[in-house]
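Computed from the coordinates by the stated procedures, all read-outs in this text should not be read as laboratory data. All values reported here derive from a predicted model rather than from experimental measurement. When we count neighbours, we look across all protein chains shown, and the Cβ atoms used for this are built from the backbone with ideal geometry, even at glycine.
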């Protein structure tokens, strides 16, 4: 079974909204064994939508459509559906009851606009939506299945995960798609490619390798597809083990893991706690950490010392130290790591001080200069990084580098070689 | 001139990477007066790519393609281009020199893999890439222009902004597309639609309205297109002024503005400074604030008090207060706001304490319960919010609500009615 995804919405075509829905749907479809052949985005125009529905149905057996089902005037998908499927809108009591209850839970009455959401195409099977007023619609045209869902991400996601997954699994008919990703940090894409060239050359023909660079991280993904899920996993696992053995010092995780999750697992396992002191990352490291559910078990807090007075006040750094070395220096960042660890009473700590840009650079310390320190019972380690010119990338790269240093301090078994210096330049 | 965007990459089709490139390109094309008719994503397979190039060229005059130009084996776009355009790869000395210099700046030698990046299709005009090794390619087939760029976002973005914009503008041939967006906070989409129904009804026929809900924020966008840019702006500005007058208490900004930017402008204007004390938002508010370039002029820092000991330690809250009311309470959050303002010596402050989930909820204080306080010279204001079950959404909605409260405290002119309570439920 091959699927296509169609996202409807002018907001995507003009670049106002990023198409996250298609990504979510693609990953869920893959997980059920259904490959996605194409993703398309069209605007809120009847002719465009109708044409797209027809085209996609010629290539794919399943067409998943999101968007345009809202209560406001710009949402026209339902009218197009009636036309395309030669059906008409009928009033659905279940949807009305769901929507009345949805509003009642919020202490509100159903408005006329939302009452109209209970009109659905006659030939559709309704998929209930507990988080919004637009129901999903499962429809068929000949042998092609069309699935329509609202474009509001959390409504659509809940519909897929709570109702649709078993039905999609059944459609896949025993076909399996397996992806496995190794996550690396501290080395550029082309250097990695050179290190693993021999292994890549010798990969079995059914395995496909992809390189996915993002700020501070390169992901290596192996994919395979076929009827025998156990065999696919075995093949991929074997190749991954070989790959991991080639580059242990750069690998920090697998698949969807986040570096902060891996760190959380290590800290939990050791019964340790963490704090951060952040200057140029401005709370971003704490935010990444506290995005991990359950992080309150091992993360105590952070001092975001954006201003030097906060460094002297809350962290107790001496003004003389700041004066002598400057805020962006080994001495200051090490002191920040030590102080936040002491003051928040944690086992480990991270400190970052740098120049994110666009302002604040000097010839000696240009924008992108970042000092990072990690502290533990054994002492403090620090390192100088030179990132680029872009503020947002600098913040992200500094956070990833800091988390990587912490991971290496906590879990030194992987640190076989310290050729990070070379790699960090790439 | 109508454009289509094609993004190449299995990583997008399997949902591993979100297609942010298409969004950037769409907004830049719109800004130059070129409408985007469709966005498509295809995998790294020669047949798929070739088919897609042909199809898009039948519908559009400009086809912008990203991805598949990297140095590794999974990047096959250049081979497909040669086939599609009936041309061959030739060695380009400029690209080689650029790439040699790119590596030299990092203290590295050009690897063989990257040397090969200097092979480009013979009929292509090369667009130089100062941030990576894959040059862009401007090609023509009959009257259709094809533009190929690498998929690495910052490389592609720089190519567009530094080299391509004037050429695209010329292609638009005097056609203009104007979008204007009003940003609201504190009211749901359908309530907003009811409030502005009469205005929407009376909109001139050339203006198109769209509702764009996202966590905590609803955007209202007006779009128009035509040859007379001044007239388009005048029409849209007039409609926007009328709209703004209908819902002043919910409007906080325009277009791409972020709430934290608007706050920064107000604080700068008044010569005021800000600090935050964050529990359940875990540094996310500080991160949003410090993502604004120049925020160091008005933001001093944050205490991320994830653990109660940090609330008593760094913020000096009394353990008895925490014991009596619980960390998620009016008393505690007001005290956090007062203390962080005092201790960081700022004019204003924000404090948040809540239960982001998935754990930590109780029958009296379920997941999604969040107390927010803002403090200034006039005192402290606080408010209770009940968000939903999802951790990430709760963190985002709490941050937006907190920034919204601060904005209203700093700029009370817009607070004509306080019907926020009703609206926040929606």
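Can you give the average number of partner chain beta-carbon atoms within 10 Å of each beta-carbon in peptide B:204-213, as a whole number? Intermediate values should be presented prior to the final figure.
On the way: counts 0, 0, 0, 0, 4, 3, 11, 7, 8, 5.
What the average comes to for B:204-213 is 4.
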>> Given the -39500 (n - 2.57) contribution per DSSP H run of 4+ residues, what per-residue ellipticity at 222 nm results for chain A, rounded to the nearest 500 deg cm²/dmol?
In response: -11500 deg cm²/dmol
>> Relative contact order of chain B, please, whole-number percent, based on alpha carbon pairs below 8 angstrom and at least 6 residues apart.
In response: 12 percent
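Which of rounded, prolate, oblate describes chain A, given a ≥ b ≥ c as roots of the alpha-carbon gyration tensor eigenvalues and a/c under 1.5 marking rounded, otherwise prolate only if a/b is larger than b/c? If you can, show how the numbers build up before the last one.
Details: a/c = 2.46, a/b = 1.67, b/c = 1.47.
Judged from the Cα gyration tensor, chain A comes out prolate (a/c at least 1.5, a/b above b/c).
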> Using a Gaussian network for chain B with springs between C-alpha atoms less than 10 Å apart, which of these wobbles most: B:269, B:345, B:186?
Replying inline: B:269
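Can you tell me, using C-alpha contacts under 8 Å and at least 6 residues apart, the relative contact order of the stretch B:263-425 as a whole percent? Write out the running numbers ahead of the final one.
On the way: 306 pairs, mean separation 35.8, N = 163.
In percent, rounded to a whole number, it is 22.
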>> Looking at chain A as a GNM with Cα springs under 10 Å, which of A:271, A:357, A:68 has the largest mean-square fluctuation?
In response: A:271
> Between chain B and chain A, with a rotation axis joining them, whose C-beta in B is nearest that axis, and what is the whole-Å distance?
Replying inline: B:283, 2
> Considering only the label points, 7 Å along Cα→Cβ from Cα, what distances in nm to one decimal separate residue A:331 from the same position in each other copy, shortest first?
Replying inline: 4.6
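Over the stretch A:176-254, what is the relative contact order in whole percent, taking alpha-carbon pairs under 8 Å and six or more residues apart?
Details: 113 pairs, mean separation 37.1, N = 79.
It rounds to 47 percent for the stretch A:176-254.
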> So, in nm, how far is label residue B:256 from label residue B:163 when the simple model puts each one 7 Å beyond its Cα toward the Cβ?
Replying inline: 2.1 nm
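Taking R0 as 22 Å, what FRET efficiency do you get between residue B:231 and residue A:45 from their Cβ-Cβ distance, rounded to the nearest 0.05? Walk me through the numbers before you get to the answer.
Details: r = 23 Å, r/R0 = 1.05.
The formula returns an efficiency of 0.40 here.
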> For the residue pair residue B:83 and residue B:362, what label-to-label distance in nm results when each label sits 7 Å from Cα along the Cα-to-beta-carbon direction?
Replying inline: 6.6 nm
> Can you tell me the Rg and Dmax of the stretch B:177-254, counting just the alpha carbons, in angstroms?
Replying inline: 12.2, 37
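When DSSP beta bridges are limited to those with both residues in the protein assembly as shown, what percentage is antiparallel, rounded to the nearest 5? Walk me through the numbers on the way to the answer.
Numbers: 99 of 153 bridges.
The antiparallel fraction comes to roughly 65 percent.
Which FRET efficiency, nearest 0.05, do residue B:272 and residue B:2 yield, Cβ-Cβ r, R0 56 Å? Please report the intermediate quantities before stating the final value.
Details: r = 48 Å, r/R0 = 0.86.
Rounded to the nearest 0.05, the efficiency is 0.70.
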> Per-residue mean of other chain beta-carbon atoms within 10 angstrom of the beta-carbon, peptide B:273-286?
Replying inline: 5
>> Show log10 I(q)/I(0) for the protein assembly as shown at q = 0.06, 0.07 Å⁻¹, two decimals, from a solvent-free Debye sum over equal Cα scatterers.
In response: -0.41, -0.57
> What is the mean projected area of the alpha carbon convex hull for the stretch A:303-353, to one decimal in square nanometres?
Replying inline: 3.0 nm²
>> Using only the alpha-carbon atoms, how far is helix B:391-410 inclined from the longest principal axis of chain B? Give it as 0 to 90 degrees, nearest 10.
In response: 70 degrees
> Where both partners of a DSSP beta bridge lie in the stretch A:176-254, what percent of those bridges are antiparallel, to the nearest 5?
Replying inline: 100 percent
> Tell me, how many Å apart are the Cα centres for the stretch B:297-324 and for the stretch A:199-235?
Replying inline: 47 Å
>> Compute a Gaussian network model of chain B, connecting alpha carbons closer than 10 Å, and tell me which residue from B:124, B:398, B:348 fluctuates the most.
In response: B:124
> So what's the angle, to the nearest 10 degrees on a 0 to 90 scale, between helix B:259-270 and the longest Cα principal axis of chain B?
Replying inline: 60 degrees
>> With bins 5 Å wide starting at 0, give me the P(r) of the stretch A:61-206 over every alpha carbon pair, in whole percents.
In response: 2, 8, 15, 17, 14, 9, 6, 7, 7, 6, 5, 4, 1, 0
> What nm distances, shortest first, do you get from the label point of residue B:61 to those in the other copies when the point sits 7 angstrom along Cα to Cβ?
Replying inline: 4.2
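What number in nm² do you get for the stretch B:263-425 if you take the convex hull of its Cα atoms and divide its surface by four?
Details: hull surface 36.9 nm².
Its average projected convex-hull area is 9.2 nm².
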>> For the pair residue B:246/residue B:59, report the inter-label distance in nm, with labels modelled 7 Å from Cα in the Cβ direction.
In response: 3.3 nm
>> Compute the distance from the alpha-carbon center of the stretch B:68-123 to that of the stretch A:328-403, in whole Å.
In response: 35 Å
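Could you tell me what percent of the DSSP beta bridges with both partners in the stretch A:259-425 are antiparallel, to the nearest 5?
Values: 14 of 24 bridges.
Around 60 percent of the beta bridges assigned by DSSP in the stretch A:259-425 are antiparallel ones.
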>> If a paramagnetic tag sat 7 Å from the Cα of residue A:154 along the Cα-Cβ line, which residues of the stretch A:91-117 would have the backbone N under 17 Å from that point?
In response: A:102-107
> Sorted from largest down, what three extents in whole angstroms do the Cα atoms of the stretch A:129-210 have along their principal axes?
Replying inline: 52, 31, 18
> Which percent of Cα pairs goes in each bin when the distances of the stretch A:169-322 are cut into 10 angstrom slices starting at zero?
Replying inline: 9, 27, 26, 22, 10, 4, 1, 0
> What nm distances, shortest first, do you get from the label point of residue B:257 to those in the other copies when the point sits 7 angstrom along Cα to Cβ?
Replying inline: 4.4
> Pairing the Cα long axis of helix A:330-343 with the longest principal axis of chain A, what angle in degrees results, from 0 to 90 and rounded to the nearest 10?
Replying inline: 70 degrees
> Working out 0.36 nm times the residue gap between residue B:104 and residue B:20, then minus their Cα-Cα distance, what length gain in nm do you get to one decimal?
Replying inline: 27.2 nm
